[in-house]
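The values are calculated or read from the model by the stated rules, or taken from the named source; none is laboratory data. Because the structure is a prediction, the values reported are computed rather than measured. Cβ coordinates were reconstructed from backbone atoms using ideal geometry, including for glycine residues, and neighbour counts include every protein chain displayed. Side chains are part of the model used for accessible areas, which takes the heavy atoms of the whole protein and leaves out ligands, DNA and RNA. Shrake-Rupley method; radii C 1.70, N 1.55, O 1.52, S 1.80 Å.
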Amino acid sequence: MAARLNKKRSFLFVSKLLGKHIAVNPYTSLLSGAALAVLLYEDLNHGEDERIAEWKQRMVEGLIDPDQARESYAYLMNAKMTLPEEVRFVGFAETATALGQSMYELFADHATYIHSTREYLPEMEPDIQFEEEHSHAMSHRCYALDSESLAEGGPLVLVDDEITTGNTTLNIIRDIQRTYPRKQYYIASLLDWRTETDEQKFTALEVELGITITPLCLLKGKIQVMGEPAINAYGEKPGTESASLIHVVSVAGELEPWAAVSADSEGNHWSAPYLRYTGRFGIHSSHNVGLGSGIARIAAILREKRKGQRTLVMGTGEFMHIPMRIAAEMGDGVMYQSTTRSPIHTVNRPGYAVIAGEGYASPEDPTVRNYIYNVLPGQYDEIFVLMERHMSEERMQPLLDVLSQLGCKQIYVVYCGVPQEG
């Protein structure tokens with residue numbers, strides 16, 4: 001656990017699976033989404049598939065032991081599970097964007113995925129929009145290029161890393177039901193901390209809307225939080241070595257771009273293309289093979305640039321899943337994590353989850369503070385930081401300044417998208 005800089009919620013469960021605040025074996029994180037997919041498959045098929053017991057055993061073994069994560073993940077992917085009908089998956093930004101896509105990706109057919117975004121795209125009308133009540137960054141939007149991503153009728157799976165009260169989930173179900181009505185919802189999460197009172201709110205919504213809501217999780221329990229966090233720094237903050245050498249690498253063209261204009265909080269517009277199949281604009285099972293080929297090509301390019309044995313691949317913000325997949329294909333000794341919006345107290349003491357951190361102005365929106373946590377001097381031989389969109393040097397400078405002080409001699413900034421025209 002760690003203490004949050006947030007008056008609405010003072011604590012944070014720091015996941016050893018997500019690859020957000022703590023570096024993980026990328027296969028461990030991919031496997032966590034696959035594990036939720038197994039639970040969904042079991043429910044949709046009423047537990048009648050005799051293979052489910054073996055799948056569960058493999059997923060547990062891989063989650064417990066990182067050395068088995070790759071084999072367990074490959075085993076589940078090779079099962080090529082099929083869904084009995086079209087199922088829509090929605091991941092919550094920013095933390096669950098990769099979790100949602102790795103859950104969706106386990107199914108060989110009949111699946112669509114989209115994740116909410118905190119980016120504002122002024123030339124597009126969001127299909128749904130909702131608020132996250134406890135968050136430091138409240139507004140979520142979904143921009144579906146293909147109406148199939150949210151189409152009414154079939155089951156819809158809402159994916160988040162953690163459900164504490166479930167109020168955000170209730171908000172989005174109400175919003176979706178108004179526009180894309182259906183009878184069946186699933187809420188999938190790594191952790192489910194809802195109280196009996198919280199669960200009764202879900203039951204009440206089921207009755208009110210005439211729907212069923214089925215929870216799926218890897219761990220369920222109860223928590224009680226009392227008082228306020230007492231933060232006292234313990235020991236010296238790790239010092240940095242000499243400034244890093246930063247290399248800029250472009251792999252533009254390996255993944256399909258998508259032209260869209262974003263606007264930051266100051267009203268500035270940025271037209272550098274996004275990537276089409278990150279999940280932000282919706283993706284269908286039929287797109288997975290093409291996306292996988294592009295990921296493999298980028299992984300091969302970056303694998304050739306590796307010099308050391310200890311490598312960190314870092315996603316940025318909502319751009320988590322593709323960097324995670326790339327990291328998984330870059331060879332042994334590669335760890336993965338992402339930058340985050342979460343403001344957390346860093347305390348350098350044994351047993352505390354976030355012992356180091358640096359903040360900077362986001363390249364996408366200079367009014368938004370982003371953070372890199374738990375990277376210590378000398379911990380890695382090289383760091384690859386993957387960017388979805390190509391940003392100007394001015395927008396990138398705050399991030400570059402932080403990267404140069406992480407105490408890693410070789411850092412690669414990898415642009416997956418093409419520069420904006422003009």
For this session: Please work out which one of (1) modelled with pLDDT under 95; (2) buried (at least 17 other Cβ atoms within 10 Å of the Cβ) is the condition D160 fails and give its number.
Result: (1)
Problem set entry | Where K307 falls short, out of the listed (1) open to solvent by 10 Å² or more (accessible area, probe 1.4 Å); (2) in contact with a Pro (Cβ under 9 Å, 6 or more places away or on another chain); (3) over 19 Å from P26 (Cα atoms) | (2)
Exercise. Could you say whether any residue in the range 10-33 is surrounded by fewer than 22 Cβ atoms within 10 Å (Cβ to Cβ) and free of Cβ contacts under 8 Å to residues at least 40 places away in the same chain?
Worked result: yes
Exercise. If H134 satisfies every condition in (1) at pLDDT 90 or above; (2) open to solvent by 10 Å² or more (accessible area, probe 1.4 Å); (3) in a loop (DSSP other than H, G, I, E, B) but one, which is the exception?
Worked result: (1)
Problem set entry | Single residue of H287, H247, H321 found to be without any contact (Cβ under 8 Å) to a residue 24 or more places away in the chain and open to solvent by less than 60 Å² (accessible area, probe 1.4 Å) | H287
Exercise. Could you say whether any residue in the range 283-298 is in a strand (DSSP E or B) and in contact with an Asp or Glu (Cβ under 7 Å, 6 or more places away or on another chain)?
Worked result: yes
Exercise. Of everything in the range 354-371 that's hydroxyl-bearing (S, T, Y) and assigned to a loop (DSSP other than H, G, I, E, B), which residue is surrounded by the fewest Cβ atoms within 10 Å (Cβ to Cβ)?
Worked result: T367
Problem set entry | Matching entry among T311, T340, T346 (being closer than 24 Å to S116 by Cβ and touching a residue at least 12 places away in the same chain (Cβ under 8 Å)) | T340
Exercise. Which pairs do you get when a residue that is small (G, A, S), found in the range 185-204, comes within reach of a residue that is surrounded by fewer than 16 Cβ atoms within 10 Å (Cβ to Cβ) and at pLDDT below 95, reach meaning Cβ atoms under 9 angstrom, with the pair 6+ apart or on two chains?
Worked result: none
For this session: Report, ordered by the first and then the second residue, all pairs with beta carbons closer than 9 Å, sequence separation of six or more or different chains, a first member in the range 372-399 that is closer than 23 Å to A299 by Cα and part of a strand (DSSP E or B), and a second member that is among the basic types (K, R) and open to solvent by 10 Å² or more (accessible area, probe 1.4 Å).
Result: E382/K305; E382/R306; E382/K307; E382/R310; E382/K409; F384/K305; F384/R306
For this session: Would you mind finding the one in R88, R70 that is surrounded by fewer than 22 Cβ atoms within 10 Å (Cβ to Cβ), in contact (Cβ under 8 Å) with a residue 12 or more places away in the chain and either farther than 26 Å from G166 by Cα or in contact with a helix residue (DSSP H, G or I) (Cβ under 9 Å, 6 or more places away or on another chain) (or both)?
Result: R70
For this session: Return the pairs, sorted by first residue and then second, in which the second residue is of a type in the set (K, R) and assigned to a loop (DSSP other than H, G, I, E, B), the first residue lies in the range 105-127 and is closer than 16 Å to F281 by Cα, the beta carbons are less than 7 Å apart, and the residues are 6+ apart or on different chains.
Result: H115/R280; T117/R280
Problem set entry | Looking only at the range 164-192, and only at residues there that are modelled with pLDDT under 95, closer than 28 Å to S15 by Cα and not in a helix (DSSP H, G or I), the one that is most open to solvent (accessible area, probe 1.4 Å) | T165
Exercise. Got a sec? Which of G351, G378, G292 is open to solvent by less than 20 Å² (accessible area, probe 1.4 Å) and out of contact with any strand residue (DSSP E or B) (no Cβ under 7 Å at 6 or more places or on another chain)?
Worked result: G292
